[in-house]
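Only one structure is covered here, and it is reproduced in the block below.
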Amino acid sequence: MDSENLNKGYQPGEVENRWYAYWEEQGLFTASEDKDEKPFSIVIPPPNVTGVLHMGHALNITLQDILCRYRRLCGDNVLWVPGTDHAGIATQNVVERHLAAEGIDRHEMGRERFVESVWQWREKYGGAIIRQLKSLGASCDWSRERFTMDEGLSQAVRKVFVELFEQGLIYRGNYIINWCPRCSTALAEIEVEHEEHEGRLYHIMYPYKYGQGGPVVATTRPETMLGDTALAVHPDDKRYKDISEDRVILPLTGREIPVIRDEYVDMEFGTGALKITPAHDPNDFAVGEKHNLARLKVIADDGIMTADAGDFAGMDRFECRQAVVEELKKQGLLIKIEDYTHSVGHCYRCATVVEPNLSKQWFVKTGPLAQKAIDAVRQSKTRVIPEKWESDYFNWMENIRDWCISRQIWWGHQIPAWTCESCGELIVSMQEPSSCPSCGAEGLVRDPDVLDTWFSSALWPFSTMGWPEKTKLLETFYPTSVLVTGFDILFFWVARMMMMGIHFMKEVPFRDVYVHALVRDEDGKKMSKSSGNVIDPMDVIENYGTDSLRFTLAAFAAQGRDIKLSEKRIEGYRHFINKLWNAARFAFMHITEPYPVFESQSLSLPDRWILSRLRRASDDVKDALDNYHFNDGANIMYRFVWNEFCDWYLEAAKPALYGRYDEEKSIAAKAALWRVLHDTLILLHPFIPFVTEEIWHKLAGTDGSIMTAAIPGSDSRYQELSVDKEAEDDMDLLMGIITAVRNIRGEMNISPSVNLSVMIQSGQQKVRETVAGHNDMISTLARLSDIKIGDAGEKPAGTATAIVGDASVSVHLEGVIDFSKEIMRLDKEIAKLDKEMQGLSKKLENQGFLSKAPESVIEKVKNQYNENAEKIEKLKSNREKIKSIESVQS
RNA sequence: GGGCGGGUAGCUCAGGUGGGAGAGCGACGGCCUUACAAGCCGUAGGUCACAGGUUCGAGCCCUGUUCCGCCCACCA
């Protein structure tokens, strides 16, 4: 037992560093591969290597750590796999910007040197995110840390690619894809963010080849008209029924284009005529394919107009838009311009307006994979929590489109595909082939593209455990127990892991998916650097300590609701950490040895009560954590520690602890105090690991760590606590009496320094005995000089009275009493009870209620009614008595 | 255009399967009571967004309205 005093206020900084190092040194985060133990596993959502921790990470990590630490305390064999993601486009952008600041362009460097410099960047900054995870207290098994581009994972990526290709689930083709001109790469559908944009709708006339006038089309992107290869109208559209010509002249180019008829056209919109640009619009692409139209690419991949744009070639796409509009105006073909709000796609990495563009890319055929992923959730092989996300998951999976997986960047997994320069043969293979298997030539050119980042993260749950090898780790820990993630990557990541996991492991990647909220600022806005409303977790940790941050996040992590975070709240929970700290300081003043034993017969009522309450708190917290109700768990402990343990138990136990009673009582109180503090620390440890370890270590002696302790109820060294209903009822009575006296004191404005004398009366012997037996406790907590006990009789004169259950408490106020004040207080009390009575009696007069409500409910209402009636009667008679005294006196 | 979530005390939010609403912060009053002033004791504050409906009984279930937020969608 370390009896040296704790600091007066809790100082988190030093404590946190010390314990984290200790845990790592002792190997307490390391999972065992022994599969006989009950496994619990989580793979971390790998943060971007070059990233900086934000509040979303802090929440995500905190929740995972709570689960891992909780499961360890339950005795499970816990594996939490940490790691980072290479985050292709995002990282390449960061490094490019960095190089640009030094005046270096990546194209000048060449691919090899650029990739090398990204690796260097990773070496330099990749550790930052890991250090930040550690400062959050993350109990990851760092011996198994992985990176999405390390050797093993690269192997897994190639194997998956090759197998999917061989199974016909990966193909290459010319399709319209979303192109980001800034990142100069293709993007998948999901990587495009649509945003409402105030633009213009340009109405342009396409003159008939023969005759006057012509149909008018509307477009928001006039520059694309240069690539039009048809004009479409609805087959039933009467306005165009009589067109004798089947060709119109495309303005500015003089090209003749056909008029086609297709039901895709909406007759209601504008003039019912639609321009068709197969190379620059996904819908037009589909229409073009159906009608076998030419695909004319007028905007190049860099956003510059191509030679096919004629006079406009070489212009930037937006510049070209202006020029086209000007020219059309000149020619009188621009009929009108309307303001028009429509949604515009932006790159999710750099916010540049994306350009739908014709391009040859690699795709994953998602249909068959998605179906199995849907079935798995339908059959509850994987649960989604909260359940409401299931419908989003189904909706997305059911409407999934093929996944464009090639990216025209340099940082990432290069696609393992080669083309033979002599015969054009396409070779997909794990290893680089030395010669063409078809013609034997040696000139093979590797596809320069890399894979979408999410392709490698889709394999994360099994690639990190050694797949494609059949490892013991996979055998023991796959499927993982739960995936904890934010909904923003439900589709990007979770959906793809489901597809890949099921396909390659023949088993879902996780049993549960817990989807947590987004952390917003105090006004409910998304935190972002541009809005300047970001709260940096590292600042918070610096100022308030990790435990405060973690407890705050947990306490606000109600399912299905976003967290609005403000510093004020973090400060509030720091008070809680400090409260716990001080309670421990108090305990250490009295506890002299670890693991004291108590004889249950020598326990006092407060001892029995707090042990019973502890049992309930323990059950409730375990239940909450088993069901991902993090906020409930945190709040249960908050209330137990503050409102029950500190406010009542410690105060009630003081006389015994200070040795005011006999030795036996003192020992019992110390033992109970030790036990409650001990178990409380364990129950709190998943939420606030540092402060609990610091206190626990002192409490339990110097050996071991709280991390290896056992959750209450699972350690045979201690007798299991049970709920003690009698103790709870008796304590309720005593606390009620004490509160009643304090209330009267407050309302009467009587200084706490004045000791009062009270009379407690009850018709029930049990009540009188309980009061008599705890005379001292009541006196201490209510600051009384004297307690008299009597049966239900006349209320003593000159007193203020309150009714507590079956007892009435009369506080002697001779000399101090202010009669008018007391009458006011009684009136208030009576009015309150009266109001309650009205509701109750209304119910009891209702025949429907009496005949249809369950017996127990009726009984409850009746009891309450009778109790209230009695109380009111007593209070009224008190009031009359005071009134008569008052009138005698005056 | 579809879908989802939310509107509860001044503020931020809890309120599994319907039985007269809770907490924290803030406010107000009183306390340096030997763990804690980052504290202790007490008090006040709510037509549970609005309107209907189901029910003996609705914050909770149903319908409609309204205001916020989010997700999804190829209408030029």
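The values are calculated or read from the model by the stated rules, or taken from the named source; none is laboratory data. Quick caveat, the model's predicted, so the values are computed rather than measured. Glycine also receives a Cβ, built like all others from the backbone with ideal geometry; neighbour counts cover every protein chain displayed. Side chains are part of the model used for accessible areas, which takes the heavy atoms of the whole protein and leaves out ligands, DNA and RNA. Shrake-Rupley method; radii C 1.70, N 1.55, O 1.52, S 1.80 Å.
Report whether or not A:M735 is open to solvent by less than 40 Å² (accessible area, probe 1.4 Å), in a helix (DSSP H, G or I) and of a type in the set (A, V, I, L, M). It is true that A:M735 is open to solvent by less than 40 Å² (accessible area, probe 1.4 Å), in a helix (DSSP H, G or I) and of a type in the set (A, V, I, L, M). Looking at the structure I just gave you, is A:A300 crowded, with 19+ Cβ neighbours inside 10 Å and farther than 17 Å from A:V192 by Cβ? Taking the combined requirement at face value, the residue satisfies it.
Within the stretch A:608-662, the set of residues being among the hydroxyl-bearing types (S, T, Y), within 25 Å of A:T552 (Cβ to Cβ) and in a helix (DSSP H, G or I) comprises A:S618, A:Y638.
Filtering the stretch A:423-439 to residues that are touching a strand residue (DSSP E or B) at 6+ places or on another chain (Cβ under 9 Å) and over 21 Å from A:Q155 (Cβ atoms) leaves A:E425, A:L426, A:S435, A:C436, A:P437, A:S438, A:C439. Taking helices (runs of 4 or more DSSP H) as the structural unit, those lying wholly within the stretch A:272-391 and holding at least 1 residues that are more than 21 Å from A:N174 (Cβ to Cβ) and of a type outside the set (V, I, T) correspond to A:317-330, A:367-378. Taking each residue of the stretch A:830-851 that is free of Cβ contacts under 8 Å to residues at least 40 places away in the same chain and over 17 Å from A:V804 (Cα atoms) and looking for partners that are open to solvent by 80 Å² or more (accessible area, probe 1.4 Å) and within 8 Å of RNA strand B (Cβ to nearest atom) with beta-carbon atoms closer than 6 Å, six or more apart or interchain, yields A:F849/A:K843. Of the residues making up the stretch A:602-633, just one is open to solvent by less than 10 Å² (accessible area, probe 1.4 Å) and charged (D, E, K, R), namely A:D607. Exactly one residue among A:D316, A:D284 is within 13 Å of RNA strand B (Cβ to nearest atom) and at pLDDT 85 or above, and that residue is A:D284.
Please determine, by comparing only the residues of the stretch A:478-498 that are within 30 Å of A:I563 (Cβ to Cβ) and away from RNA strand B (no atom under 16 Å from the Cβ), which one is surrounded by the most Cβ atoms within 10 Å (Cβ to Cβ). That would be A:M498. Elements of the type helices (runs of 4 or more DSSP H) sitting completely within the stretch A:34-138 and holding at least 2 residues that are over 22 Å from the mean Cα position of the chain (by Cα), of a type in the set (S, T, N, Q) and buried (at least 20 other Cβ atoms within 10 Å of the Cβ): these cover A:88-101. Restricting attention to the stretch A:738-772, and to residues there that are over 25 Å from A:L650 (Cβ atoms) and within 16 Å of RNA strand B (Cβ to nearest atom), which single residue is surrounded by the fewest Cβ atoms within 10 Å (Cβ to Cβ)? So the residue we want is A:N749.
Results for (1) open to solvent by 30 Å² or more (accessible area, probe 1.4 Å); (2) farther than 23 Å from A:Q11 by Cα; (3) β-branched (V, I, T), shown as yes or no for each residue.
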site	(1), (2), (3)
A:E651	yes, yes, no
A:D662	yes, yes, no
A:K665	yes, yes, no
A:A668	no, yes, no
A:A671	no, yes, no
A:H685	no, no, no
A:I688	no, no, yes
A:V691	no, no, yes
A:S705	no, no, no
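Meeting the requirement of 3 or more residues that are within 16 Å of RNA strand B (Cβ to nearest atom), surrounded by fewer than 18 Cβ atoms within 10 Å (Cβ to Cβ) and charged (D, E, K, R), the helices (runs of 4 or more DSSP H) wholly within the stretch A:791-890 are A:819-845, A:855-889. If you go through the stretch A:229-250 and keep only what is in contact with a Gly (Cβ under 9 Å, 6 or more places away or on another chain) and either in contact (Cβ under 8 Å) with a residue 60 or more places away in the chain or part of a loop (DSSP other than H, G, I, E, B) (or both), you end up with A:T229, A:A230, A:H234, A:D237, A:S244, A:E245. Scanning the stretch A:192-229 for residues that are near RNA strand B (Cβ under 9 Å from one of its atoms) and among the hydrophobic types (A, V, I, L, M, F, W, C) returns A:V192, A:L201, A:V217, A:A218. Close contacts from the stretch A:559-577, counting a first residue that is touching a residue at least 60 places away in the same chain (Cβ under 8 Å) and a second that is open to solvent by 80 Å² or more (accessible area, probe 1.4 Å) and within 7 Å of RNA strand B (Cβ to nearest atom), with Cβ to Cβ under 9 Å and a gap of 6+ residues or different chains, come to A:G560/A:K388; A:L565/A:E522. In this structure, A:E189 qualifies as open to solvent by 30 Å² or more (accessible area, probe 1.4 Å) and within 16 Å of RNA strand B (Cβ to nearest atom).
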